[in-house]
Amino acid sequence: MNRSPNIVLALGAAGTLWLAMLAGRPAPALQTVTVTPPAKAFAPSLQGTRPDGAVHVAPDDSIVADARLIELFDYYLSTVGEKSPAAVRAEIERELDRTLRPAAAAAAKRVLTRYSAYRLALAGVGADRRLAGQDAAALKRRLDALRGLRAQYFSQREIAAIFGREDAANAEALARMEIRDDRTLDAQEKRARLAALDAGLPADVRAAREAPLKIVRVQEEAERLRAGGAGEEDVFRLRADAFGVDAAQRLAEVDREEAAWRRRIDAYLVQRLGLNDEAAVTALRNRMFSEDEQRRLGAYEGGPQP
């Protein structure tokens, strides 16, 4: 079936890419446009930051509704509360007008309108008591409601581009809950299925999840080495093998700073033992610690003392 040129144009950048791939032609190059921070931050919480996300613009000035565009919107929408929703919307539109050509800015604003409406409707889903619950069935109900809501505001291609990673994470969480809730499986079978689920994750996701556990395991091994009489050189080699030399050097510096801090704390606690006057204790604190450091002392003093 032949498509008229108007229909092809109406599909926008994402549709043009799709049709080009079907026809075996190279897809048109997309321009990635980032928003530079204005001289004055829009809200206090944005001070010293740069806008997240970017806009992918096609040669015909249509734009791609994807996760990067939503990141840009969310960067500003995070300030609702500091600023009114209307002020935030106006700021986003100003930045789009400042950064993009008129047709691309208009296209991005249309996506912003749909995304804003979606966020507003999303609050209703969160408040629906029928979707409450902590088990797998409740999570599935919430995900089904979420999919239905998204379909009201976005095309399937847009949903995949905007929410693909989030949906994958939700699907994995649901699969884990279903395994754990399955009373027909014994503990060994559950472990096996969870391990299979882990093995099927993308390599970058597995690495991100394993990183915190690796840090804990290496730190525990470092403590065992020290308890067994090993020196700091042995600990350094352990960390360098696990994380690289630069990271091992940074961790060694953290250890030195922590050791110096503990020596100061020990000296302070010894000196304060002979003081019964609060003014003298305050003077000792002021002499030994900065104002910021004194905020940490409570954890070591065991509460107020005379």
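The values are calculated or read from the model by the stated rules, or taken from the named source; none is laboratory data. Everything quoted here is computed from the prediction, not taken from an experiment. Every residue, glycine among them, receives a Cβ derived from its backbone with ideal geometry; neighbour counts consider all protein chains shown. Remember, those area values only see protein heavy atoms, side chains included, never the ligands or the DNA or RNA. Shrake-Rupley method; radii C 1.70, N 1.55, O 1.52, S 1.80 Å.
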Subject >> Members of region 120-154 found to be buried (at least 16 other Cβ atoms within 10 Å of the Cβ) and closer than 28 Å to Asp97 by Cβ, listed by number >> reply: Arg150, Tyr153, Phe154
Original post:
Taking Arg183, is it assigned to a helix (DSSP H, G or I) and either open to solvent by 70 Å² or more (accessible area, probe 1.4 Å) or of a type in the set (Lys, Arg) (or both)?
Top reply: no
**OP:** Look at region 155-177 and say how many of its residues are at pLDDT 90 or above and open to solvent by 80 Å² or more (accessible area, probe 1.4 Å).
**Re:** 2
**OP:** Report, by residue number, each residue of region 70-119 that is open to solvent by 10 Å² or more (accessible area, probe 1.4 Å) and not in a helix (DSSP H, G or I).
**Re:** Ser78, Val80, Gly81, Glu82, Lys83, Ser84, Leu100, Arg101
Original post:
Yes or no: Glu166 without any contact (Cβ under 8 Å) to a residue 40 or more places away in the chain, out of contact with any strand residue (DSSP E or B) (no Cβ under 6 Å at 6 or more places or on another chain) and more than 14 Å from Arg114 (Cβ to Cβ)?
Top reply: yes
Original post:
Could you list, in sequence order, the residues of region 55-65 that are under 11 Å from Ala108 (Cα atoms) and in a loop (DSSP other than H, G, I, E, B)?
Top reply: Asp61, Ser62, Val64, Ala65
**OP:** Would you point out the residue of region 35-69, among those that are over 13 Å from Leu112 (Cα atoms) and basic (Lys, Arg), that is most open to solvent (accessible area, probe 1.4 Å)?
**Re:** Lys40
**OP:** Please specify each residue of region 178-236 satisfying the condition of being hydroxyl-bearing (Ser, Thr, Tyr) and within 23 Å of the chain's Cα centre (by Cα).
**Re:** none
Original post:
Which helices (runs of 4 or more DSSP H) sit wholly inside region 206-306 and have at least 1 residues that are open to solvent by less than 80 Å² (accessible area, probe 1.4 Å) and among the basic types (Lys, Arg)?
Top reply: 232-243, 245-272, 278-288
